[in-house]
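Here the structure comes first, spelled out in structure tokens, and everything after it is commentary.
The values are calculated or read from the model by the stated rules, or taken from the named source; none is laboratory data. Since the model is a prediction, treat every value here as computed from it, not as a measurement. Glycine also receives a Cβ, built like all others from the backbone with ideal geometry; neighbour counts cover every protein chain displayed.
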Amino acid sequence: MPDRITKNKKVSIVYSIMNDKGEIIMEVSPYAPVFYLHGYQNENIVPGLEKALEGHKEGDVFSVELPYQMAFGAYDKQLVMEVAKEELTPFIDDFWVGGYIESFDEESGDEISDSERFFMNIEKPQEPNGFIIREIRKDTILLDGNHPCAGMDLIFNVRVVSVENASIMELENGYPKESENYDDEY
């Protein structure tokens, strides 16, 4: 009998995400599935999807509708900031709408700007790659630390690729080691 997804299982999945209009807005490639350790609230899986996966087995295909609270969270206006271009030029050479900027590190001995303080005070932007450039103005740039899907009710179309026992090291770390053996059939 195949393993079911329960706490301490290492799981890999592929999925697409649709908005409430039925448009696909994000897809995980079958050649690079998402791995997570079930029951450990890994950052690479949203809480509602982890809960929906409970009890499924390898090969299961299903859809689940998730309200924004169980997906990427509410849109937080406090994660949006207008920053002077001159404050960002030491950290980035080129600006484009949709580009990402990672948070800043304090330079030792130097005064820090308001924008650097803003980035340092946010424990973790919702967008895993940093802050999205939303708008480029004459002298400033509008940055957004929200995940692109924040505030959206979403539909996840999921296929469970594998379910296996996690290793002792994975259980201790609370995070899975990705498999290097992908089947070409995916």
Residue in the stretch 32-45 that is surrounded by fewer than 14 Cβ atoms within 10 Å (Cβ to Cβ), farther than 15 Å from Y175 by Cα and either modelled with pLDDT under 95 or within 17 Å of the chain's Cα centre (by Cα) (or both) present: yes
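For (1) within 21 Å of D144 (Cα to Cα); (2) touching a strand residue (DSSP E or B) at 6+ places or on another chain (Cβ under 9 Å), each residue gets a yes or a no:
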position: P33; (1), (2): no, yes
position: Q41; (1), (2): no, no
position: N44; (1), (2): yes, yes
position: L49; (1), (2): no, yes
position: K57; (1), (2): no, yes
position: L66; (1), (2): no, yes
position: A71; (1), (2): yes, yes
position: A74; (1), (2): yes, no
position: V83; (1), (2): yes, yes
Odd one out for I13, checked against (1) at pLDDT 95 or above; (2) not in a strand (DSSP E or B): (2)
Conditions (1) modelled with pLDDT of 75 or more; (2) not assigned by TED's automatic domain parsing to the domain that holds H38; number of the one not met by G59: (2)
Residues located in the stretch 33-48, provided they are closer than 16 Å to K10 by Cβ and not in a strand (DSSP E or B): P33, H38, G39, Y40, Q41, N42, E43, N44, I45
Test: residue in the stretch 50-61 that is farther than 17 Å from P176 by Cβ, touching a residue at least 60 places away in the same chain (Cβ under 8 Å) and part of a loop (DSSP other than H, G, I, E, B): yes
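Looking only at residues that are of a type in the set (D, E) and in a loop (DSSP other than H, G, I, E, B) in the stretch 16-30, which one is modelled with the lowest pLDDT? Walk me through how you get there before you give the answer.
If we filter the stretch 16-30 for residues that are of a type in the set (D, E), which is where we start, we get 20, 23, 27.
Checking which are in a loop (DSSP other than H, G, I, E, B) leaves us with 20, 23.
On the way: D20: 90, E23: 94.
The qualifying residue modelled with the lowest pLDDT is D20.
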Matching entry among I168, I141, I112 (being of a type in the set (V, I, T), modelled with pLDDT of 70 or more and surrounded by fewer than 18 Cβ atoms within 10 Å (Cβ to Cβ)): I168
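Which one of these is surrounded by 15 or more Cβ atoms within 10 Å (Cβ to Cβ) and within 22 Å of I132 (Cα to Cα): A71, A84? Outline the logic, then answer.
Numbers: A84 fails: surrounded by 15 or more Cβ atoms within 10 Å (Cβ to Cβ).
Of the residues listed, the single one that is surrounded by 15 or more Cβ atoms within 10 Å (Cβ to Cβ) and within 22 Å of I132 (Cα to Cα) is A71.
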